[in-house]
Structure formats: structure tokens, C-alpha cells
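What follows is a single structure, written as C-alpha cells, with notes after it.
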Amino acid sequence: MATGPDHPAGGTDIEVQRLQRLFRFFAATQCRGRSPVYETLSEGIADDDTLLDLLMATPGEQRRPSLLFAAVNLLLASDPGSALADYYPTHGGRRPVDGLLVPTFAAFCAEHRDELTRLLRSRSTQTNEIRRCVALRLGLDHVHRLWPGPLALVEAGASAGLNLLVDRYRYRVGGQEASSAVASPVTITCEVRGSAPAGQILGPVTEITRRLGIDRHPVDLADPIARAWLEAFIWPEQAGDLATLRGAIDLAVSAPAVTVVQGDATADTARLLGELPGREPVVVFTATLLSYLDADARTAFVAQIEQAAARRPVAWVFAEAPGLVASADQGLAALTGPLAQRNSLFLVGASLRGPGRRDDALLAMADPYLRWLAPARHETDDFQWLPAHANAG
Ligand SMILES: C[S@@+](CC[C@H](N)C(=O)[O-])C[C@H]1O[C@@H](n2cnc3c(N)ncnc32)[C@H](O)[C@@H]1O
């Protein structure tokens, strides 16, 4: 189970205002068009100092809307008869959002204040969004075209390591079945934006020789509490996603093929890559890792990739906010323009580095949860044709 250090509750006005902005931003850019429950709650929490104050128990870098929502969701799972559960389809609720949602949420938080504070003080964000495997497959395809042959796969910020099972899932992209290596009980779906023919977006599955996850707080799927915490990050309307996550967890537990080691991606990546046997190129995948790192740590992570690539070909495949990629690595020419401002979307790209060579490609823009993907139309596509908001179109 992921835990963080204890911090005393209490925050400055500046921090409360930062949280207000964060909840409003979250409502507008992440929830709108996707989760009426979290959109309404985020707006309500932004206007309620008592609710905002709950997150003051949380260590600074973990003060995020998703942490409060997950803590409440976890408690709801053991209190499904509560009035709040009526609004959560994942807990069997059917009540549409109305004017009582925010007061009902506030009452639930007041009733469970001690447990909530304990959770918010001790837990950290732990999601594992296996839809991001669509971005990973796109990256693997690209790397494989330039470096044919088997690839080793490492994910930095791997959580439970479910993305490392990228070749164990079925894919429906743009309504079309993509080629799979195996028959799988887990199907990942992703819409397509733009004019790319859906059937050609993902190529044949690349052979993966070995898999390793690195995470500051790896999730132990054998621990029912850790598993419940991971599931608590699924949003109220995403009952299908909850079933998919549970399927992937069952797959991972029944056929363990993945190791996730405890480590800091900004300090341990080069060493861990150095310890990997074999000589095949290594793909290092990151998805939402950069948002956990400050500017110095982002630069340090890229330096780790560089260091590893001095010994063995390494491709960094990322699904990250473009501005964060730009700040981590000044070498991506396409990110010097307006693309780097579009941080409500994710950029999927690959940066291949070997001794004395480097090859960068921006492959797609996507919704951060990979509900949809817009493949690049040509090599220097700046995606200005794509609508500005994640949930638009
Ligand atoms: C939002 S989760 C995403 C997990 C996975 N990449 C996905 O897309 O589903 C981010 C993960 O990064 C991990 N993390 C944050 N900072 C890290 C660091 N410096 N080194 C290693 N892992 C880190 C967190 O513990 C968490 O598991």
C-alpha cells in the first residue's frame, strides 16, 4: 500500500486558493462531458472551505481532487447504503445529479471525517489506467519499425504494473478489433479522432522479452486493501472501467509476469536499466509520471534515460502533458510552439536514443485517460486541427 509521511493538517490562504483553482480546473478540463458527479462535486468543493480543508491533512504534492474523491469512494464501498452512494453508479446508484449532491457529499465527509483524515494523511494517488496501453502500443509499433526485433519494456511510475501486460489484452480502437497476441478476457477500447483509418492504427504486437516496473510506491495486487485503493480511483459513472480494471488485476494475479520494484524514477532508472540482462533495446514508458515531478526532477529523469542510452539503445515512449515533456527535454523541436500549451490533452511520443544518435517523433494527441486518440497526420503534425478541450468533439 502506498503511504506518505504524516503532515499536520492546516494550510495557508494561498494553499486553499490554489486548491480552489485546482478543483475548478479539474471540473472544467477533466470532468466536463465525462463525469457529471465529479464535475458538480469539484465545483461545490471549490466553494466550500470545510471540504477544501480536508485535503490540508495531505502532504502538499498529493493534494489533488482525485485523492479526496478516492478516499470518499473507498469509504462508500463499505457503506453502500448511504445516501451518497445513490449518486454513484459504481455502487449501484441511479440518482441523477441534482442540487442535493454537494450537501450529501459534505454530510458524508462530516460523518466520516476521522477516517477520511486518516486516509488523506497516509495515502497517495494510485491509479493504473490500462487504456494507456493504446499509447504504449503506438509507441512500441514506432520503436519496432526503427529498431526491428524484440524489445524489453520498463515502465517508470508503473503503479501495479498493469500496463506492462500490454500484449495480454484485446484492443478495439475506433470500433475495430486490433491484432492481439493472445485471446484475452480483458478488452481495451479507445475512440479515434481525425481521419486515420482505425484498422491501421495499431500494428502487429511486438515481442517483449522482459518487463520491469519502477514505482515510488508499488501496488501489491495480492493485498486486498491495496487493490481496493486502486479501484477507488475509478470514477462514479465508469462501471465498465471498474470491470476492466478488475479483469486486468485478475489476469496479473493469475499469471504473474511482471515485477514492479520500489524506486525513484529520477534516481534509479539508469541503474535498473543497467541491471537488465540482454542487449535488445529497452522501451521506457511513462504515463502521467511527469506531473508528479517538479522541474528539476523532470530534468533528472531525462538525464537517467540519457545515461542508460549511453550503454544500450533506449526509447522513451511517453503519454504526458506536452508542456511537461517540453520542460523536461528541450530537444523536442516540435514542442517549442503552441503545442506545449495544450496541457489538458496528452501527447504520445517516442524519443529513441542510442550511443551517438537520437530520433524523436510525436505520434498522437489523446485524452489523458486514452478514451480517445488522434494519430498524427504527418511527421511534423502540430495538432492545431484538433479541438482545444479533452472532451470536445
Ligand atoms: C497516476 S499513476 C500512473 C500509473 C501508470 N503509469 C498509469 O498510467 O496507469 C503515477 C504513478 O507514478 C508513481 N510515481 C510518482 N513519482 C515517482 C517517482 N519519482 N518515481 C517512481 N514512481 C513515481 C506514483 O507512485 C504512481 O504509481
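Readers should treat all values here as calculations from the given coordinates under stated rules, not as data from a laboratory. Just so you know, these numbers come straight off a predicted model, no measurement behind them. Neighbour counts run over all protein chains shown; Cβ positions are idealised from the backbone, glycine included.
The table that follows gives values for the structure above.
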read-out	value
Counting all C-alpha pairs of the range 169-225, share separated by more than 12 Å (%)	74
Pairwise centroid distance, computed over Cα atoms, of the range 232-274 with the range 284-320, Å	18
Within a Gaussian network of the chain (alpha carbon springs, distance under 10 Å), most fluctuating of Thr58, Thr259, Thr12	Thr12
Net charge of neighbours whose Cβ lies under 11 Å from the Cβ of Leu151, counting Lys and Arg as +1 and Asp and Glu as -1	-2
Inter-label distance for Leu276 and Ala222, nm, one decimal - labels placed 7 Å from Cα along Cα-to-Cβ	2.5
Table column - 3J(HN,Hα) (Hz), the range 162-174, Karplus curve with 6.51, -1.76, 1.60, x for Gly and Pro	5, 6, 6, 8, 3, 8, 9, 10, 8, 10, 10, 10, x
For the chain, calculated [θ]222 nm from helices alone, where every DSSP H run of n ≥ 4 adds -39500 (n - 2.57)	-10500 deg cm²/dmol
Global geometry of the range 13-122, whether rounded, prolate or oblate, following the gyration tensor of its Cα atoms and the 1.5 cut on a/c	oblate
14 Å beta-carbon shell around Arg371, net charge (K/R +1, D/E -1)	+1
Net charge over other residues, Cβ less than 11 angstrom from the Cβ of Arg246 (K, R count +1; D, E count -1)	-2
Among Leu54, Ala361, Pro204 - extreme Cα towards positive end, dipole of the chain, charges at beta-carbon	Pro204
C-alpha long axis of helix 65-77 to longest principal axis of the chain, angle in °	60
Global form of the range 226-304, assessed from the alpha-carbon gyration tensor, a/c cut-off 1.5	oblate
Rounded, prolate or oblate (a/c below 1.5 giving rounded, otherwise prolate when a/b exceeds b/c) for the range 134-203 by Cα gyration tensor	oblate
Cα-only radius of gyration and Dmax that characterise the chain, units Å	20.6, 62
In nm, spacing of pseudo-spin labels at Gln330 and Glu111 (7 Å Cα→C-beta vector)	5.6
